[in-house]
Amino acid sequence: MSVTVAKQLADRLKHHIGQGPGTVSVDGDGVSVAVDVEQCERYAVGVRGIVVRPDQPASDVRDVAERIARDVTELDGPLAVVEYDARQGRAIVRSAQPDTDDAGVTYWEGDVRADEASLQRYRKDHSAPEREAVAEPLMHNIVGRVAEQLADATRQVEQ
């Protein structure tokens, strides 16, 4: 790779500082990446989600989900494949060790399909009927590395 997704994304985030909510996107090296930004500051960004779309759809969604669980290591804990539906061609990955407190649980969840993989942060309070998407503050370089790892996991592997 000449200019990595991580480097491109870090550069784009620098240009998004102070612009409020929005989407920061990069294309290249066989994927397009979009980061849903709540707020972007000098060193950190509130990330609501990351979506990666490979140029070539995956032939094995389960394999992609397993690579995401194994290779996306820059989050606050490991991910695990928790669901796979071969008929729908869809898998769910989730934080293997979610953050818990007396009020509830916070975790990463990924939706994996042949043509797209996404990661989003959720919070489920024990007293609430539904979970809610929340922004996770991450350093610019961490966002870039997570996006790069997610992109690497979604690219079609040459056999």
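How many residues are of a type in the set (Val, Ile, Thr), more than 15 Å from residue 150 (Cα to Cα) and surrounded by 15 or more Cβ atoms within 10 Å (Cβ to Cβ) when one looks only at segment 98-133?
So the answer is 2.
Strands (runs of 3 or more DSSP E) wholly in segment 1-73 with at least 1 residues that are modelled with pLDDT under 90 - which ones?
22-28
If a residue must be among the polar types (S, T, N, Q) and on the phi > 0 side of the Ramachandran plot, how many such residues does segment 25-52 contain?
0
Considering segment 150-159 alone, what residues qualify as being of a type outside the set (Gly, Ala, Ser) and buried (at least 22 other Cβ atoms within 10 Å of the Cβ)?
150, 154 - these are the residues of segment 150-159 that are of a type outside the set (Gly, Ala, Ser) and buried (at least 22 other Cβ atoms within 10 Å of the Cβ).
Could you tell me whether segment 152-159 includes any residue that is within 14 Å of the chain's Cα centre (by Cα), of a type outside the set (A, V, I, L, M, F, W, C) and under 18 Å from residue 6 (Cα atoms)?
Yes, some residue in segment 152-159 is within 14 Å of the chain's Cα centre (by Cα), of a type outside the set (A, V, I, L, M, F, W, C) and under 18 Å from residue 6 (Cα atoms).
Give the residues of segment 25-36 that are surrounded by fewer than 22 Cβ atoms within 10 Å (Cβ to Cβ) and within 16 Å of the chain's Cα centre (by Cα), sorted by residue number.
Result: 25, 27, 31, 32, 34, 36.
Tell me, which residue of segment 75-97 that is under 19 Å from residue 125 (Cβ atoms) and not acidic (Asp, Glu) is surrounded by the most Cβ atoms within 10 Å (Cβ to Cβ)?
For segment 75-97, the residue satisfying everything is 95.
Does residue 9 satisfy the condition of being surrounded by 14 or more Cβ atoms within 10 Å (Cβ to Cβ), of a type outside the set (Gly, Ala, Ser) and in contact with a Gly (Cβ under 6 Å, 6 or more places away or on another chain)?
Considered against the rule, which asks whether it is surrounded by 14 or more Cβ atoms within 10 Å (Cβ to Cβ), of a type outside the set (Gly, Ala, Ser) and in contact with a Gly (Cβ under 6 Å, 6 or more places away or on another chain), residue 9 comes out as yes.
Among the residues of segment 74-91, write down those that are more than 15 Å from residue 146 (Cβ to Cβ), touching a helix residue (DSSP H, G or I) at 6+ places or on another chain (Cβ under 8 Å) and outside any loop (DSSP other than H, G, I, E, B).
Within segment 74-91, 80, 81, 84, 90, 91 meet the criteria.
The values are calculated or read from the model by the stated rules, or taken from the named source; none is laboratory data. Nothing here was measured: the structure is a model prediction, and the numbers come from that model. Backbone-built Cβ (ideal geometry, glycine too); neighbour counts: all protein chains shown.
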